[in-house]
Amino acid sequence: MVTMKFGIATFVTDEGIRAYTRPERIREVRQWLADNGRGHVPFTVFGARGPEAAGRFAEAGVERVTFMLPTMPEAETLAALDRLAEGVRGR
């Protein structure tokens, strides 16, 4: 599912719509946009599963990736955020 609004293309989630989140599909959408007179359109992926997913999306030209975390106690949440940050920085 691709949502186009106000010049922004958004891939709604990493889970359940993998056909749209494959790097080649992202490139196809970017080419379609260019062919239809649209300049650069930033892409955002919501709900990526981890740093490896962020790397896959970055290679496809996605500018922003968000992560979903389960509700946990504060200490566990902060530790999970630290692991995500380290994984993303390490790419």
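Which is at pLDDT 80 or above, under 18 Å from V88 (Cα atoms) and small (G, A, S), of G39, G50, G61, G55?
G61
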Close pairs (7 angstrom Cβ cut-off, 6 or more residues apart or separate chains): touching a residue at least 12 places away in the same chain (Cβ under 8 Å) in segment 21-41, loosely packed, with under 12 Cβ neighbours inside 10 Å anywhere: P23/E59; V41/G7; V41/I8
Only listed residue being closer than 22 Å to R27 by Cα and touching a Pro at 6+ places or on another chain (Cβ under 9 Å), chosen from V62, V45: V62
Residue in segment 42-63 that is surrounded by the most Cβ atoms within 10 Å (Cβ to Cβ), counting only those that are touching a helix residue (DSSP H, G or I) at 6+ places or on another chain (Cβ under 8 Å) and more than 16 Å from P23 (Cβ to Cβ): P51
Residue tally, condition surrounded by 12 or more Cβ atoms within 10 Å (Cβ to Cβ), of a type in the set (D, E, K, R) and without any contact (Cβ under 8 Å) to a residue 12 or more places away in the chain, over segment 64-82: 1
Residue in segment 64-91 that is farthest from V45 (Cα to Cα), counting only those that are hydrophobic (A, V, I, L, M, F, W, C) and part of a strand (DSSP E or B): F67
T66 being over 23 Å from R22 (Cα atoms) and not acidic (D, E): no
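The values are calculated or read from the model by the stated rules, or taken from the named source; none is laboratory data. Everything numeric in this text was worked out from a predicted model, so none of it was measured. With ideal geometry, Cβ positions are generated from the backbone for all residues, glycine too; neighbour counts draw on all protein chains shown.
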